[in-house]
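Read through the structure below, which is laid out as structure tokens, and then see the notes.
The values are calculated or read from the model by the stated rules, or taken from the named source; none is laboratory data. As the structure is a computational prediction, the values presented were derived from the model and not from experiment. No Cβ is skipped: glycine too gets one built from the backbone with ideal geometry, and neighbour counts run over all protein chains shown.
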Amino acid sequence: MISNATESFWKHYGQLDEQIKKRARKACRLFEQNSSHPSLEFEKVRQTKPVHSARVTLDYGGRSA
């Protein structure tokens, strides 16, 4: 699977506190190893565009295109 982050993603990522950024990087590494890992809760959020959501922590989720 090819994954890309949008400009909007990076804008919002830059506004996160360092602890959440660290967890996001960990989630990205896990996604690269196993995009189907249950803790990511990876799911499609748009029917018309290839936009998906993946969980970072119980309180944070993120979207990628």
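A few comments on the model shown:
- Of all residues in segment 8-32, those that are of a type in the set (S, T, N, Q) and not in a helix (DSSP H, G or I) total 1.
- Out of Y13, Y60, sole residue that is in contact with a Lys or Arg (Cβ under 8 Å, 6 or more places away or on another chain) and modelled with pLDDT of 85 or more: Y13
- Summed over segment 28-58, residues that are touching a residue at least 24 places away in the same chain (Cβ under 8 Å) and over 17 Å from I2 (Cβ atoms) total 3.
- Within segment 37-60, restricting attention to residues that are in a loop (DSSP other than H, G, I, E, B) and of a type in the set (A, V, I, L, M), the residue that is surrounded by the most Cβ atoms within 10 Å (Cβ to Cβ) is V56.
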